[in-house]
Amino acid sequence: MNASRPSPRAPAFFALLLTATAAVATLAVVHGAPLRTEADPAAAVARMQHATNVDNSFSLNFACTAPGTNTGFCGRAEAALTRAARRIASEFKFRRTIRVSARMFLPCNTTTPAADCPQKGVLGSAWVAQRVPVRHRDDGVTYMYPTAVLKQLDFPEADKGQVVWPDADVYAEFNTLRNWWFTDDPDPIKSDQRDLERTMTHELLHGLGFGDDSAMSFPVPAPAQSGGSTAAQAPLMLMPYWESTPPSVQPPPADAAGTQTWNNPNVWYRMARPTLWTRFMLVSGTPAPWIVGNLTAIAEAAVKDRRVTPTSGSGADAVYSPQSMVAAIAGHRTGGALLTALGDAGTKAGSVIYDPTLWPPGAPSNLPKLTIESGLRPFLPGSSIGHVTQAANTTADFLMVYQVTSQSLPGSIAATRAPASGIGPATKAAMVALGYTPRESNDWVSRASVAAIVPEALRAPGTEKDTGRNDGSAPPPSGTSSSSAVKRAGGAAAATLAVAVALAVLG
């Protein structure tokens, strides 16, 4: 969706710059707190805040700021968010309620932003609020699970109150000043309008974990080349994320606005553990966790051999310069080859696949795969890798492309014979692989036998009554929140993959 990433606050922070789209949907049955609206004559703006529960699937905490002259805008925007949540809830059932903190914002806090306001062109964005480390039993790797996913699974610690659920599982924000089109508009969508409901549906799926890549979404400068090669001539290198909060703080803090838990340009604690989404990624045929594991081992060796030294702190909480760490990894023969392989795959169409059959053991072999967007040149953080290939725009899985035309959502559904929700079969299979249960299923997706929450991310049992369940025990959102090393795959398969990656960049 012509996405850009104006802030590096989170690996799945997707900011959208659409072309044109539309949507229609049935209003959900909702139960909410009293609507609060107020006008601010001095600033010529209207403000609203409202908490809504959508069928015990989503708890929406919605805030809106709009020009005072745009009568009724905030109410219509909230209705669009509710319909978007309802679309998702029509495809999945939720064991525990997902808490969403969403807002409509004024770019640069004004109704008349200047041309150079960086938020002016942004449509919207959403990101995973918090992740919890979970170790998979088959490969021994610890993956970072969005709390929205973790809430849907059968880990016993969740029912014992040992998981600290954040105030919000998903953060989302949308630009009030864009020319939005709504379902109840009397006229068809125009070429210069954007459909807020479609944008919100797309973004909520990102917030639930779709496209939550941490393996190859961070471009880094290539090391100096011999023979006078310039940076522009050097091959693109893509880097996994690094952690910018102390490893002793578990689980990592929420990725709230104003924080930077990953990829702080001044703070490197260690290479980040791969996200759950990364578990299902094949990069030029190579499992992404294997690549991340090898790069992590190279980073750890640089620390152990004292080729990099801390800028502050000591032990596990020692802080390093990201520039020094990146240079150490890129300067390593294998590390540089792997980073370049990621860069090559990230800009070559068809090189990255999301394969839901990869895990858990015994997963059906006939599940539809997704081809990930890797054909953009130059590489566009937030658009590349985080979406499906643009070619999917003519298929039932059109919803998660990065760029859309002016065709309405009903038009796209009719043209591609997609489900009424707009969520295509491969998109749904990807979400089920993460851990969401299909609405039509008689059972719940189970992961307790194949994975376990890392103990240091838990608290003592019985210390908190909130289990997050959607049986009425979960409290409504309180408002916008303020706030095991990766193990390499072993054996002959890993050795074969190493040769394949090396040949891809050195041959």
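So here's what we get for this one:
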read-out	value
Conditions (1) open to solvent by 10 Å² or more (accessible area, probe 1.4 Å); (2) modelled with pLDDT of 95 or more; (3) basic (Lys, Arg); (4) closer than 21 Å to Tyr171 by Cα; number of the one not met by Lys151	(1)
The one condition in (1) modelled with pLDDT of 95 or more; (2) of a type outside the set (Phe, Trp, Tyr); (3) open to solvent by less than 40 Å² (accessible area, probe 1.4 Å) that Ser383 fails to fulfil	(1)
Residues within the stretch 410-437 that are loosely packed, with under 15 Cβ neighbours inside 10 Å and at pLDDT 95 or above, tallied	3
The listed residue being under 23 Å from Gly411 (Cα atoms) and more than 19 Å from the chain's Cα centre (by Cα), out of Thr201, Thr183	Thr183
Contacts under 7 angstrom Cβ, first residue in the stretch 40-60 being under 25 Å from Cys108 (Cα atoms) and modelled with pLDDT under 90, partner open to solvent by 10 Å² or more (accessible area, probe 1.4 Å) and basic (Lys, Arg), 6 or more apart	Asp40/Arg47
Wholly within the stretch 309-416, helices (runs of 4 or more DSSP H) carrying at least 1 residues that are under 20 Å from Ser284 (Cβ atoms)	322-331, 333-345
All strands (runs of 3 or more DSSP E) inside the stretch 87-178 with 2 or more residues being among the β-branched types (Val, Ile, Thr) and farther than 29 Å from Met48 by Cβ	131-136
The stretch 269-308: number of residues that are in a helix (DSSP H, G or I), more than 29 Å from Gly207 (Cα to Cα) and not aliphatic (A, V, I, L, M)	2
Check on Ser446, part of a helix (DSSP H, G or I), small (Gly, Ala, Ser), within 25 Å of Ser57 (Cβ to Cβ) and modelled with pLDDT of 60 or more	no
Residues located in the stretch 130-165, provided they are touching a His at 6+ places or on another chain (Cβ under 9 Å) and of a type outside the set (Val, Ile, Thr)	Tyr143
Any hit, the stretch 68-81, residues being part of a strand (DSSP E or B) and at pLDDT below 95	no
Selected residue [surrounded by fewer than 19 Cβ atoms within 10 Å (Cβ to Cβ), more than 27 Å from Asp139 (Cβ to Cβ) and among the β-branched types (Val, Ile, Thr)] from Thr334, Thr357, Thr309	Thr309
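The values are calculated or read from the model by the stated rules, or taken from the named source; none is laboratory data. Please read these numbers as outputs of a predicted model, since none were measured by experiment. Positions of Cβ are backbone-derived with ideal geometry, glycine not excepted, and every protein chain shown enters the neighbour counts. For the accessible areas, the whole protein counts, side chains as well, though only heavy atoms, and no ligand, DNA or RNA atoms are used. Shrake-Rupley method; radii C 1.70, N 1.55, O 1.52, S 1.80 Å.
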